[in-house]
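**Student:** Below are the structure tokens for one structure; questions will follow.
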């Protein structure tokens with residue numbers, strides 16, 4: 001019987017997150033290249049779209065179920081996942097590199113006596129071993145790294161690996177395991193959602209604003225453009241430190257490192273810390289008055305003009321093309 | 001309450017990273033080191049907690065002699081004493097956490113603060129590993145913290161919002177920007193820090209679980225096109241995004 005590779009899926013409010021399908025695709029790919037048996041674990045209560053997970057080339061999916069595990073509990077999730085992984089005698093585990101996955105993966109590593117590599121953006125197989133590539137120094141450098149432990153755990157950055165549907169495997173099935181009295185020593189008692197906002201860490205398009213907007217009262221221009229694109233709003237460190245925007249919008253070295261398909265930098269000159277956090281975006285647009293600004297060195301398309309004048313026009317044209 | 005705060009000595013975020021000759025680490029020449037920015041929030045929260053409950057704040061760092069500068073910085077902010085767990089060779093998060101957990105046990109600290117990640121290797125896992133080794137609760141990426149009796153209520157940042165998490169002491173808390181406003185070290189604090197004790201001892205010897213095979217720079221992005229200098233360039237931009245880049 002081949003050894004196992006387990007994907008740890010993530011749900012929010014009883015719905016599988018998109019990154020779960022990315023995890024399944026990585027698990028299925030690694031399984032075929034390393035001759036492992038691909039399986040998955042999901043922790044939660046009722047999960048409405050769990051059936052969809054069967055279409056990504058993975059066999060059994062273990063649904064570890066309890067109503068008190070509907071929301072994240074570090075102690076509860078770590079207990080049930082590590083027990084299930086031990087029972088299955090798994091060699092590899094793949095987590096999403098999210099607030100949840102990044103919190104859990106190191107805990108599970110200790111419990112399984114394994115090591116982990118976080119925030120993997122690509123990998124190759126060399127001599128039967130996974131060599132993962134991940135950014136360090138907020139993306140100013142990359143490292144190729146491998147695990148020396150027997151049990152190997154990696155977390156994958158969302159939006160980087162493409163979810164790939166496959167023919168359903170003959171063993172594809174969902175196995176529900178009811179969990180009795182989970183360990184709720186550390187548990188979520190409430191979720192405070194940011195009102196109707198997409199998060200920069202998960203968005204496919206990000207519109208970010210900087211000091212070129214001249215004041216917090218002009219940020220609605222960035223918000224309007226983001227809305228027209230279905231994008232998240234980001235901010236430079238300068239405007240977060242000035243109190244114009246909340247810190248969870250900050251992109252860069254002491255904020256979030258992002259790699260969306262499209263990043264529109266509005267009135268951002270491009271300090272080295274900011275560039276580190278967003279330069280791996282697929283396409284970059286810069287709008288800035290100063291044509292010598294460093295942001296233009298990495299932008300695919302630029303307009304060297306006044307962001308206050310350009311943004312309303314841009315929003316209007318995007319609305320037209322979308323309609 | 002005995003409180004530990006773990007700090008890390010890292011390259012300034014303004015550093016231009018140059019890959020070293022070994023192609024496995026950065027070229028250290030001309031690099032300025034600072035206290036890890038997230039650790040400043042951890043130090044501030046440790047000091048606030050001490051002000052509320054009394055006790056002692058001990059600063060612990062794993063690293064070479066130069067890490068003393070960062071310990072000294074935390075002492076200048078108001079921490080009571082420091083411990084340097086000395087090791088000149090590079091460590092991954094697992095061997096850092098093992099050394100920290102070993103010392104925290106010695107120090108009998110029931111509350112441990114550290115930054116949510118250090119801005120060099122950006123792992124963001126040391127806190128969780130340390131807590132597992134100690135058998136402590138752990139809440140990561142914390143932006144708000146309340147402690148009452150043995151109970152902890154913390155808010156942690158997640159995608160699109162915050163989780164309000166309840167737990168209990170003893171615990172490890174990892175600090176995110178927004179948790180507090182770190183105080184500046186006063187002149188008096190800086191003078192006092194010079195007299196505070198930094199105890200040195202060898203870090204627990206363990207093997208790394210990860211091995212860096214190569215460090216490299218990301219492929220450089222070549223500068224693109226400047227389409228114009230006013231809103232007349234907007235139509236071309238939208239057309240390029242739609243037809244060439246196909247991202248909208």
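**Student:** Using the alpha carbons of the range A:205-322, what is the convex hull volume per residue in cubic angstrom, as a whole number? Mind dumping the intermediate values first?
**Tutor:** Details: hull volume 10.2 nm³, N = 118.
That works out to 86 Å³ per residue.
**Student:** From other protein chains only, count the Cβ atoms within 10 Å of every residue's Cβ in B:161-171, then give the mean. Please report the intermediate quantities before stating the final value.
**Tutor:** Values: counts 10, 8, 13, 7, 9, 8, 7, 2, 0, 0, 2.
The mean count of partner-chain Cβ atoms within 10 Å per residue comes to 6.
**Student:** Also, quick follow-up: Would you mind giving the mean number of other chain beta-carbons within 10 Å of the Cβ of each residue in B:231-244, as a whole number?
**Tutor:** Values: counts 11, 4, 9, 13, 4, 2, 11, 7, 2, 4, 12, 4, 0, 3.
Partner Cβ neighbours, averaged per residue: 6.
**Student:** Against the 2.2 N^0.38 Å scaling, with N counting residues, where does the protein assembly as shown land? I'd like the Cα-based Rg ratio to two decimal places.
**Tutor:** On the way: Rg = 23.6 Å, N = 571, 2.2 N^0.38 = 24.5 Å.
Dividing the Cα Rg of the protein assembly as shown by 2.2 N^0.38 Å gives 0.96.
**Student:** Counting each DSSP H run of 4 or more residues in the protein assembly as shown as -39500 (n - 2.57), what helix-only mean residue ellipticity at 222 nm follows after dividing by all residues, to the nearest 500 deg cm²/dmol?
**Tutor:** Details: 14 runs with 155 residues, N = 571.
Rounded to the nearest 500, the figure is -8000 deg cm²/dmol.
**Student:** For labels at residue A:35 and residue B:187 in the simple 7 Å Cα→Cβ model, what's the distance in nm?
**Tutor:** Distance between label points: 7.3 nm.
**Student:** Could you give the angle, 0 to 90 degrees to the nearest 10, between helix A:74-88's Cα long axis and the longest principal axis of the Cα atoms of chain A?
**Tutor:** Tilt of helix A:74-88: around 50 degrees.
**Student:** Whole number please: convex hull volume per residue, Cα atoms of chain A, in Å³.
**Tutor:** Each residue corresponds to 147 Å³ of Cα convex hull volume.
**Student:** Just checking the output field for B:124-134: average partner chain Cβ neighbours within 10 Å of each residue's Cβ? Don't jump to the answer; show the numbers that get you there.
**Tutor:** Details: counts 9, 11, 1, 2, 12, 6, 2, 5, 7, 1, 0.
Rounded to a whole number, the mean comes out at 5.
**Student:** Can you give me the Rg/Rh ratio for the range A:4-178, using Cα atoms for both radii and the Kirkwood formula for Rh? Intermediate results must be reported in sequence, preceding the final value.
**Tutor:** Numbers: Rg = 14.9 Å, Rh = 15.9 Å.
A ratio of 0.94.
**Student:** Here's a follow-up. If you fit an axis through the alpha-carbon atoms of helix A:18-34 and take the longest principal axis of the Cα set of chain A, what angle between them do you get, 0 to 90°, nearest 10?
**Tutor:** Roughly 50 degrees between the two axes.
**Student:** With a cut-off of 8 Å between alpha carbons and a minimum separation of six or more residues, what is the relative contact order of the range A:1-115 in percent? Each step should come with its number before you reach the end.
**Tutor:** On the way: 200 pairs, mean separation 35.9, N = 115.
It comes to 31 percent, rounded to a whole number.
**Student:** Taking only the alpha-carbon positions of chain B and ignoring solvent, what does the Debye formula give for the base-10 log of I(q)/I(0) at q = 0.07, 0.10, 0.11, 0.17 Å⁻¹?
**Tutor:** These q points yield log10 I(q)/I(0) values of -0.30, -0.56, -0.65, -1.24.
**Student:** Report for chain A the percent antiparallel among DSSP-assigned beta bridges with both residues inside it, nearest 5.
**Tutor:** Numbers: 12 of 60 bridges.
Antiparallel bridges make up about 20 percent of those DSSP assigns within chain A.
**Student:** Tilt of helix B:37-53 relative to the longest C-alpha principal axis of chain B, in degrees (0 to 90, nearest 10)?
**Tutor:** The angle comes out at about 30 degrees.
**Student:** Okay, next question. Go ahead and set up a Gaussian network model of chain A, Cα springs under 10 Å, then flag whichever of A:11, A:250, A:84 fluctuates most.
**Tutor:** Greatest mean-square fluctuation among the candidates belongs to A:84.
Values quoted throughout were computed directly from the atomic coordinates according to the rules given, and no laboratory measurement underlies them. Treat the numbers as computed from the prediction; the structure is a model and nothing was measured. A quick note on method: Cβ atoms are made from the backbone with ideal geometry, for glycine too, and the neighbour counts reach across all protein chains shown.
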